[in-house]
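Bear in mind these aren't lab numbers, they're just calculated from the coordinates by the rules spelled out. Just so we're clear, the structure is a prediction, and the values are computed from it rather than from any experiment. We place every Cβ from the backbone using ideal geometry, glycine too, and count neighbours over all the protein chains shown.
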Amino acid sequence: KNAGFPVIKTIEEFDFEFQKSISKRHINRLLEMDWIDKIYNLIFLGPPGVGKTHLAIALGYKAIDMGYKVSFISMDNLVYSLKTQDIMRKSKIKINKIHSSDLVIIDEIGYLPINREEANMFFQLISALHEQTSIIITSNKGFGDWNELLGDPALTTAILDRLTYKCELFNMTGKSYRLTHRKSFLED
Ligand code: ADP
Ligand code: MG
């Protein structure tokens, strides 16, 4: 299962009692995966630690099980790969794999702002994938902050337009699971 997941997370491991802003019923419905056939996107927004990446990986992992081609890539790595695809074989392979996937997971948009040239490349990619490939996006920034993130308001509007055209949006709230379940090495 060479999708590029940093770790494996499953839905079974996800505590819906802890994360109440997302419904187990909705996620179970998504596990049927027909949204990929119908080319819908999923967007998980919310502060750090609320389970955005966990759900994205779990859905991607299940999609692979069901025979879909999945690519997982962090936004940082995606931008780097887009910039270097003409000079680095490894980057080219990653970008090609994204174009041939049924589902592309772009994790953590918003931790680092990107410049105009990078935003433009990102827009080109989203345009190429639009209505061909399902995309899952996770971001710690609300759409209102994306202008600042992507530099250019017109480009941001164009990107959001495509991403949200056929999409389920999950605004996740609550406490960080990491902070709440902080592990101590000495006291346990
Ligand atoms: P985010 O991407 O929103 O910052 P993560 O999905 O990376 O957060 O979650 C942080 C850590 O907490 C991960 O190890 C994840 O598996 C775990 N976690 C988060 N929410 C839950 C949850 N509701 N049930 C079980 N584990 C969770
Ligand atoms: Mg995350």
Quiz prompt | Relative counts (whole %) of C-alpha pair distances in the chain, using bins that are 10 Å wide | solution = 9, 37, 36, 15, 3, 0
Quiz prompt | Taking Phe72, Phe5 and counting other C-beta atoms within 10 Å, the order from fewest to most | solution = Phe5, Phe72
Quiz item: When N counts the residues of the stretch 1-85, how does its alpha-carbon radius of gyration compare numerically with 2.2 N^0.38 Å, as a ratio?
Solution: 1.15
Practice problem: Rounded to whole Hz and in sequence order, give me ³J(HN,Hα) for the stretch 2-10 from the Karplus expression 6.51 cos²θ - 1.76 cosθ + 1.60, θ = phi - 60°, writing x for Gly and Pro. | Solution: 9, 8, x, 5, x, 8, 9, 10, 10
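Show that you can apply the helix-only estimate: for the chain, add -39,500 (n - 2.57) for every DSSP H stretch of four or more residues, divide by all residues, and state [θ] at 222 nm to the nearest 500.
Numbers: 9 runs with 82 residues, N = 188.
About -12500 deg cm²/dmol.
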Practice problem: Sort the stretch 27-127 into rounded, prolate or oblate with this rule: let a ≥ b ≥ c be the square roots of the eigenvalues of the Cα gyration tensor; rounded if a/c is under 1.5, and if a/c is not under 1.5, prolate when a/b is larger than b/c, oblate otherwise. | Solution: oblate
Quiz item: Residue-wise, which Karplus ³J(HN,Hα) couplings in Hz belong to the stretch 172-181, taking 6.51 cos²θ - 1.76 cosθ + 1.60, θ = phi - 60°, and x for glycine or proline?
Solution: 8, 10, x, 7, 6, 4, 4, 5, 6, 10
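What Kirkwood Rh does the stretch 103-157 have if only Cα atoms enter the pairwise 1/r average? Answer in Å. Intermediate values should be presented prior to the final figure.
Working: mean 1/r = 0.0861 Å⁻¹.
About 11.6 Å for the stretch 103-157.
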Quiz item: Computed over the Cα atoms, what is the radius of gyration of the stretch 130-188 divided by 2.2 N^0.38 Å, N being its residue count?
Solution: 1.64
Self-check item: Ranking of Thr156, Thr138 by count of other Cβ atoms within 10 Å, fewest first
Solution: Thr156, Thr138
Quiz prompt | By average C-beta atoms within 10 angstrom, highest first, the peptides 175-185, 37-47 | solution = 37-47, 175-185
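Arrange Lys166, Lys52 by Cβ neighbour counts within 10 Å, fewest through most, would you?
Numbers: Lys166 14, Lys52 25.
Lowest count first: Lys166, Lys52.
Quick check of the Kirkwood formula: for the stretch 85-188, what is the inverse mean of 1/r over all pairs of different Cα atoms, in Å? Numbers along the way, then the final one.
Values: mean 1/r = 0.0632 Å⁻¹.
Its Kirkwood hydrodynamic radius stands at 15.8 Å.
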Self-check item: Calculated from backbone phi, Karplus (6.51, -1.76, 1.60) coupling profile of the stretch 33-49 in Hz, x at Gly/Pro
Solution: 6, 5, 5, 6, 4, 8, 6, 8, 9, 10, 10, 10, 10, x, x, x, x
